[in-house]
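One structure is given below, encoded as structure tokens.
Every read-out reported here was derived from the displayed coordinates using simple, explicitly stated rules and does not represent laboratory data. Quantities reported herein were computed from a predicted structural model and do not represent experimental measurements. Cβ atoms come from the backbone with ideal geometry, glycine included; neighbour counts cover every protein chain shown.
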Amino acid sequence: MAGGIAAGDAFGPTTYPVTRAALVRYAGASGDFNPIHWSDRIATAVGLPGVIAHGMFTMALVARAVAEWTEGAEVVELGGKFTNPVVVPDDDLGTSVTIAGTVKSVLDGLATIALEVTSEGQKVLGVPRVVVRV
């Protein structure tokens, strides 16, 4: 698919579950054991609405969606601004992150994709975009 990407193509939406168990696994893999990612007491004490997903966990979900859409195209650039937290309830369902994208341009073998990344209907990344080699 990577070679067949054209300006105007739309991807998604693709939705991924985010549970407390996933956060624990991510903490172990990343080494980020900040208690705002597992303790409601600490998270609320610092002004958060509850336990939040790691920002880089959210970005990893974005990268996963892009890899699935483009059938593994090389990612040259991936970025966005963390604007709202992904709050993860302490239950078996958790929450979800939904990712959609639109190809803005294809130039010199690179496709720029504007993204929309939301959780519970709220944007969680500002100006997220990815550039892939096509």
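Residue count for the stretch 101-134, restricted to those that are aliphatic (A, V, I, L, M), outside any strand (DSSP E or B) and more than 16 Å from residue 58 (Cβ to Cβ): 1. Among the residues of the stretch 91-117, those identified as under 19 Å from residue 51 (Cα atoms) and surrounded by fewer than 19 Cβ atoms within 10 Å (Cβ to Cβ) are 91, 92, 93, 95, 96, 98.
Of everything in the stretch 8-51 that is assigned to a strand (DSSP E or B) and of a type in the set (Val, Ile, Thr), the residue that is surrounded by the most Cβ atoms within 10 Å (Cβ to Cβ) is 18. Within the stretch 107-125, the set of residues being farther than 14 Å from residue 10 by Cβ and in contact (Cβ under 8 Å) with a residue 60 or more places away in the chain comprises 119, 124, 125. Scanning the stretch 67-100 for residues that are assigned to a helix (DSSP H, G or I) and out of contact with any Phe, Trp or Tyr (no Cβ under 8 Å at 6 or more places or on another chain) yields 67, 68.
Before we move on, is residue 55 within 15 Å of residue 18 (Cβ to Cβ), loosely packed, with under 15 Cβ neighbours inside 10 Å and either in contact with a His (Cβ under 8 Å, 6 or more places away or on another chain) or not polar (S, T, N, Q) (or both)? So residue 55 does not fit the description; no.
Residues of the stretch 24-58 that are of a type in the set (A, V, I, L, M), within 27 Å of residue 129 (Cα to Cα) and touching a strand residue (DSSP E or B) at 6+ places or on another chain (Cβ under 9 Å): 36, 48, 51, 52, 53.
The set of residues in the stretch 64-86 being out of contact with any strand residue (DSSP E or B) (no Cβ under 6 Å at 6 or more places or on another chain) and either farther than 18 Å from residue 11 by Cα or touching a residue at least 60 places away in the same chain (Cβ under 8 Å) (or both) consists of 71, 72, 82.
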